Amino acid sequence: MFFEIISDTPETLSTDCLVIGIEAEGVLTPTATLIDQCTGGAIQALINSGDLTGKAGELLMLHNLTGITAARVLVAGLGKADERKDRHYRKLVKGINQTLGKLKLKSVAIALDGLASDHPDTYRQTRLFTEWTSADFYQYDSTKSKKADPVSLEQYVIHLHDEDAELGESALLDGVAIANGISSARELGNLPGNICTPTYLAEKAKALGEEFDSLKVKILNEEKMEKLGMHSLLSVGRGSAQPSKLIVIEYQGGKDTDAPHVLVGKGITFDTGGISLKPGAGMDEMKFDMCGAASVLGTIEAAAEMQLPINLVVIVAAAENMPGSQATKPGDVVTTMSGQTVEILNTDAEGRLVLCDALTYAERFKPASVIDVATLTGACIIALGHHATGLLSNNEELAGALQQAGDFAADRAWPLPLWDEYQELLDSNFADIANIGGRSAGTITAACFLSRFAKAYPWAHLDIAGVAWNSNGKEKGSTGRCVSLLCQYLIDQAEAVEVNEEAHH
Ligand code: BES
Ligand code: MN
Ligand code: ZN
């Protein structure tokens, strides 16, 4: 599928389908007015007859219109201006793509005059449209013997007015790069645990390093981690036949002296719970427990593709959490790389055990910020459901920047408190910290645990347990959530650098 921006007159576009909009109560958008005039009033006639109303989400395909070059016109209802939220825009895009997909069309031109979203920002509208459309056509077939039919749409044209075209072009470039990062993340998430092992994640990282000159990849094996004192991370993989890996990718897009942003991903390629075994129902979904890793890998791929003028480091803490004769037992005490000891009261609280050593490792990069991404707690699903990522941080400015980035990218995060009052829930009689804090505030105590290892830099934690995958029927699968938020955060950081430099010159 190839996206492009075109500013030619809509009535002369040669395309399999031209998509236009009408607003609530049958109000014609500028392009709808134009097409109506060219076709001798075909659109207005349908409004008059009640076939078209402009209600949000309405879709009507029109054939054989004379006076224009498009083979079909798809009229999309945009609803009332004051009721146009991101979720309506998302639904509209999905509806359009489903209609186009069913008809197996080869080309389409979308001309909605910037009226499908309440945000007037052309860059945002175009970028989201590109990301969402690409996501709508994602198909998983890697482990099916019968491969999916290739997507028939070859040319996807977004029609913008002349003065918006340049902004649209840059939105398209970013949007395609981010969309690619999202599909890479979804693909890794969807792959089963017997294929997507820590070693497989490491191989994928190496492949990224081959693809982009700007990426340097380093894989730390268990022996190397042992030497570094990462006994907490290593304790998680003890029961598994699969060796644990620490994956480190450095992207240099900024100056040598620019402090990097660090992204840390939880890469538990399967979480049985270990000796604190999980119940059987739905346990297959614990193959998604590496979605944090997938999203930071997808993000650095997108950053490299966008050639962002910043420095970035991705660290993936990858392990498989299994029971076994060598497995860590409840009550075991391990020494983390930081020197702090941890009493492992529950081997199912393993995410924090791999992340804490990765967070200590991050110190060596003298980072500007560190953000970890993890399917960390079931409690986050209870707190925020399946819409928002949980956001906890030791730095207000960073938390604000992330929340804002999520709003802009329609990939939202919502804050939870990280007050000191919660810290004592992690007290242990036998070590410096316990790895669980009891039944209450599970997402917060998990973040409290991580905060003990993140004192050296501005740090934020994104709990994606509720958003990383869908569990429902045909929708079941990885979402790629957080790639978009993280990319937006990095784009914002890159812009801040540019503004600063301009101020200095
Ligand atoms: N990977 C799980 C968290 C999870 C569970 C995410 C279900 C999405 C859906 C994590 O490793 C875990 O097991 N957490 C425990 C922590 C508890 C033992 C303190 C949990 O949430 O139950
Ligand atoms: Mn677990
Ligand atoms: Zn887990």
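The values are calculated or read from the model by the stated rules, or taken from the named source; none is laboratory data. Fair warning: this is a prediction, and the values are worked out from it, not measured in the lab. No Cβ is skipped: glycine too gets one built from the backbone with ideal geometry, and neighbour counts run over all protein chains shown. Ligands, DNA and RNA are stripped out before the accessible areas are found, and what is left, the full protein with its side chains, is counted by its heavy atoms. Shrake-Rupley method; radii C 1.70, N 1.55, O 1.52, S 1.80 Å.
Distance in nm between label sites at residue 472 and residue 146, each 7 Å beyond Cα in the beta-carbon direction?
2.6 nm
Given a Förster radius of 60 Å and the C-beta distance between residue 213 and residue 59 as r, what FRET efficiency does 1/(1 + (r/R0)^6) yield to the nearest 0.05?
So, using R0 = 60 Å, E works out to roughly 0.85.
Taking the Cα-to-Cβ direction at residue 346 and at residue 284 and moving 7 Å from each Cα, how far apart do the two end points lie in nm?
2.6 nm
I want the local charge near residue 178. Using Cβ-Cβ distances under 13 Å, sum +1 for each Lys or Arg and -1 for each Asp or Glu among the other residues.
With Lys, Arg at +1 and Asp, Glu at -1, the net is -1.
In the structure shown, do any of 329/366; 266/476; 224/255; 55/147 have a Cα-Cα gap over 26 Å, and if so which?
329/366; 224/255; 55/147
If you count the DSSP beta bridges with both ends in the chain, what percent of them are antiparallel, to the nearest 5?
Close to 40 percent.
Using Cα centres only, tell me the gap between segment 308-327 and segment 57-87 in whole Å.
Distance between centres, Cα-based: 46 Å.
Kirkwood Rh and Cα-based Rg: tell me the resulting Rg over Rh for segment 199-241, rounded to two decimals.
My calculation of the ratio gives 1.08.
Tell me the angle of helix 122-136 to the major Cα principal axis of the chain, expressed in degrees between 0 and 90 and rounded to the nearest ten.
Helix 122-136 sits at roughly 70 degrees to that axis.
Scan around residue 413 for amide H atoms under 5 Å from its own, H built in the peptide plane at 1.01 Å from N, and keep only partners 5 or more places away or cross-chain.
Placed amide hydrogens put 389, 406, 407 under 5 Å from residue 413.
Full-extension gain between residue 2 and residue 387, please, as 0.36 nm times their residue separation minus the C-alpha to C-alpha distance.
135.6 nm
Around residue 409, with a cut-off of 9 angstrom between Cβ atoms, what is the net charge of the other residues, counting Lys and Arg +1 and Asp and Glu -1?
Taking every Cβ under 9 Å from that of residue 409, the sum is 0.
Do me a favour and compute the ellipsoid semi-axes for the chain from its Cα gyration tensor, root of five times each eigenvalue, largest one first, whole Å.
Value: 45, 23, 21 Å, ordered largest first.
Give me a comma-separated list of calculated 3J(HN,Hα) values for segment 198-214, in order, Karplus coefficients 6.51, -1.76, 1.60 applied at θ = phi - 60°, integers in Hz, x for any Gly or Pro.
x, 5, 5, 4, 5, 4, 4, 5, 4, 4, 4, x, 5, 6, 10, 5, 6
If one computes the Cα centroid of segment 145-180 and of segment 256-291, what distance in Å separates the two points?
Here the two parts' Cα centres lie 31 Å apart.
Express the carbon and sulfur contribution to the solvent-accessible surface of segment 70-164 as a percent, rounded to the nearest whole number, probe 1.4 angstrom.
50 percent
As a test of the formula, what do you get for the chain when each DSSP H run with n ≥ 4 contributes -39,500 (n - 2.57) and the sum is divided by the residue count, at 222 nm and rounded to the nearest 500 deg cm²/dmol?
-11500 deg cm²/dmol
Put +1 on the Cβ of every Lys and Arg and -1 on every Asp and Glu Cβ in the chain; which of 448, 376, 472 then has its Cα farthest towards the positive end of the dipole?
It is 472, whose Cα lies furthest towards the positive end.
Which FRET efficiency value, to the nearest 0.05, is calculated for residue 81 and residue 169 with the Förster distance at 25 angstrom and r the Cβ-Cβ distance?
0.40
Can you send over the carbon and sulfur percentage of the accessible area for segment 177-324, probe radius 1.4 Å, protein chains only?
Reported share for carbon and sulfur atoms: 50 percent.
Whole-Hz ³J(HN,Hα) for each residue in segment 353-369, computed from phi via Karplus 6.51 cos²θ - 1.76 cosθ + 1.60 with θ = phi - 60°, x for glycine and proline: what do you get?
Each residue of segment 353-369 in turn: 6, 7, 5, 4, 6, 5, 5, 5, 4, 4, 4, 5, 8, 6, x, 6, 7 Hz.
If packing is taken as the mean number of other Cβ atoms within 10 Å per residue, what is the order of 140-152, 456-468, highest first?
My ranking of the peptides, most packed first, is 456-468, 140-152.
Using a Förster radius of 25 Å, what is the FRET efficiency between residue 162 and residue 14 based on their Cβ-Cβ separation? Nearest 0.05, please.
0.80
Kindly write out, for segment 476-493 in residue order, the coupling ³J(HN,Hα) from the Karplus curve 6.51 cos²θ - 1.76 cosθ + 1.60 (θ = phi - 60°), rounded to whole Hz, with x marking Gly and Pro.
Listing the rounded values in order: 4, x, 5, 9, x, 4, 4, 4, 5, 4, 5, 4, 5, 4, 5, 4, 4, 5 Hz.
Work out the length of the dipole vector of the chain about its Cα centre, built from +1 on the beta-carbon of each Lys and Arg and -1 on the beta-carbon of each Asp and Glu, and round it to the nearest 20 debye.
In debye, rounded to 20, the chain gives about 1840.
Find the accessible area per residue for the chain; the probe is 1.4 Å, ligands and nucleic acids are left out, and the unit is Å².
Here the per-residue accessible area is 42 Å².
Run the dipole for segment 1-151 about the Cα centre, Lys and Arg Cβ at +1, Asp and Glu Cβ at -1, nothing else charged, and hand back the magnitude in debye, nearest 20.
Using Cβ point charges on Lys, Arg, Asp and Glu, segment 1-151 gives about 740 debye.
Scaled to the compact-protein estimate 2.2 N^0.38 Å, what is the alpha-carbon radius of gyration of segment 322-476, rounded to two decimal places?
Expressed relative to 2.2 N^0.38 Å, the Cα Rg reads 1.06.
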